[in-house]
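Engineer: Please find one structure pasted underneath; my questions will follow.
The values are calculated or read from the model by the stated rules, or taken from the named source; none is laboratory data. Just so we're clear, the structure is a prediction, and the values are computed from it rather than from any experiment. Cβ sites come from the backbone with ideal geometry, for glycine too, and all protein chains shown count toward neighbours. For accessibility, only protein heavy atoms count, side chains too; no ligands or nucleic acids. Shrake-Rupley method; radii C 1.70, N 1.55, O 1.52, S 1.80 Å.
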Amino acid sequence: MTKVQTIIKEIETLDERELEEVLQFLLNKTHRSEKIKAKLAKYRGKGQGVWQEDAQHHINELRKDDRY
């Protein structure tokens, strides 16, 4: 049985008050996640053109020096 199946099975045993609590938790978690994504999206691409080197190339070079 997967984690999700186990959770669903447990949810089926909850009373109305407990279901409301689980629903509120999930809604808050989803809302929080959406807010974070929206804030991060505001900054996407802002660093373009600041560095002369491709970011992935720079990371690869740093990793080369870091590994033995």
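Engineer: Suppose the filter is hydrophobic (A, V, I, L, M, F, W, C) and not in a helix (DSSP H, G or I); does residue 62 pass it? Spell out the reasoning first.
Structural biologist: On the way: hydrophobic (A, V, I, L, M, F, W, C): yes; not in a helix (DSSP H, G or I): no.
No; evaluated as a whole, the condition is false for this residue.
Engineer: Is there any pair linking a residue in segment 5-29 that is without any contact (Cβ under 8 Å) to a residue 60 or more places away in the chain to one that is part of a loop (DSSP other than H, G, I, E, B) and open to solvent by less than 90 Å² (accessible area, probe 1.4 Å), with Cβ under 9 Å and at least six apart or on different chains, and which?
Structural biologist: 21/14; 22/14
Engineer: Do we find a residue being on the phi < 0 side of the Ramachandran plot, polar (S, T, N, Q) and open to solvent by 100 Å² or more (accessible area, probe 1.4 Å) anywhere in segment 23-30?
Structural biologist: Residues of segment 23-30 on the phi < 0 side of the Ramachandran plot: 23-30.
Adding the requirement that they be polar (S, T, N, Q) leaves 24, 28, 30.
Then drop every residue that is not open to solvent by 100 Å² or more (accessible area, probe 1.4 Å), which leaves none.
No, because not a single residue in segment 23-30 is on the phi < 0 side of the Ramachandran plot, polar (S, T, N, Q) and open to solvent by 100 Å² or more (accessible area, probe 1.4 Å).
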